[in-house]
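Trainee: After the C-alpha cells below, expect a handful of questions from me.
The values are calculated or read from the model by the stated rules, or taken from the named source; none is laboratory data. Computed from a prediction, not measured in an experiment: that's the story for all the values here. Backbone-built Cβ (ideal geometry, glycine too); neighbour counts: all protein chains shown.
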Amino acid sequence: MSEIKNRVIRQPHLHAWLACLFLLGGLPLLLAACGFHLRGSVVLPPELKVIALQGTERNGELGIALRNRLNSAGGKIVDSPANASAILVISEDRHQRRVISVNDQGQADAYELIYQLGFQLERPDNSVWLPPVRITMRRQFNFDPANVLAKDDEEIRIVREMRMNAITQMLRRLKAGVLNNPSTSSDAPAS
C-alpha cells in the first residue's frame, strides 16, 4: 500500500519536472524562430559581410573595435576595396569632455563626455551607398579631484563603451541603408 502512495505522490513532481524541461528547451527555439537577437548583436546582410575600411587605422582603437564587432556579426574587414562588397569611409572619430559643474574651490566635479563617429558607405565602384552620417553619444561623468587615477580609468572605460555603442548604431544604420537601397552593381565580389 505504501508503494502505491509513493508512486501517486511522485507523479505530480515528475509532470512538473517534464513541463519545466520542455519550457526551458522550447523557449530558446521559440525566441530564435521569432527573430529575437541579443542586444548589441547585428545580423549583417550579404552586402556588408566584406568591408574595406578607409579614413582610420585598421589597428587603431576604432579599427580594432570595428573589426571585433564585424567578426561577431559574421563580417570581416579586407585591405583592398577591390576585394570588398562595400567601402566604409570614416570621416570622424573623436571624443571630448566639457565641464558641466564645478565645486566651491572652482575645480571640475562633473564633465559631459561627447563621442562622435562620422561615416559614409560606398559601393565598390565608389558611388555613394549611404550618404554621410554622424552619430553623437553623450554621457555625464562625475569627477573626484582627490581620486584622479581611478577617475581617469573610468573615463577611458566610458569612452570605450560609447565607441562600442556608436559602432553598433553605425552597423544598424549601414544595414538599414543597404536594405533600403540595394546594390545595383553586379561587380560586387562573392564572399
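Trainee: Exactly one condition in (1) at negative phi; (2) in a loop (DSSP other than H, G, I, E, B); (3) at pLDDT below 90 is not met by residue 24; state its number.
Mentor: Condition not satisfied by residue 24: (2).
Trainee: Working only within region 124-140, note down all residues that are out of contact with any Lys or Arg (no Cβ under 7 Å at 6 or more places or on another chain) and within 30 Å of residue 154 (Cα to Cα).
Mentor: Within region 124-140, 134, 135, 136, 137, 138, 139, 140 qualify.
Trainee: Of everything in region 84-126, what is among the charged types (D, E, K, R) and closer than 21 Å to residue 165 by Cβ? Give them in sequence order.
Mentor: 92, 93, 94, 97, 98, 112
Okay, residues lined up against (1) hydrophobic (A, V, I, L, M, F, W, C); (2) surrounded by 13 or more Cβ atoms within 10 Å (Cβ to Cβ):
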position	(1), (2)
55	no, yes
62	yes, yes
67	no, yes
71	no, no
76	no, yes
80	no, no
93	no, yes
99	yes, no
104	no, no
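Trainee: Within region 106-126, take every residue that is of a type in the set (S, T, N, Q) and modelled with pLDDT under 95 and give me the one that is surrounded by the fewest Cβ atoms within 10 Å (Cβ to Cβ).
Mentor: Here the residue is 126.
Trainee: Quick test of your reading of the structure: residue 57 fulfils all but one of (1) touching a helix residue (DSSP H, G or I) at 6+ places or on another chain (Cβ under 7 Å); (2) at pLDDT 95 or above; (3) not hydroxyl-bearing (Ser, Thr, Tyr). Name the failing condition by number.
Mentor: Here residue 57 meets the rest and fails (2).
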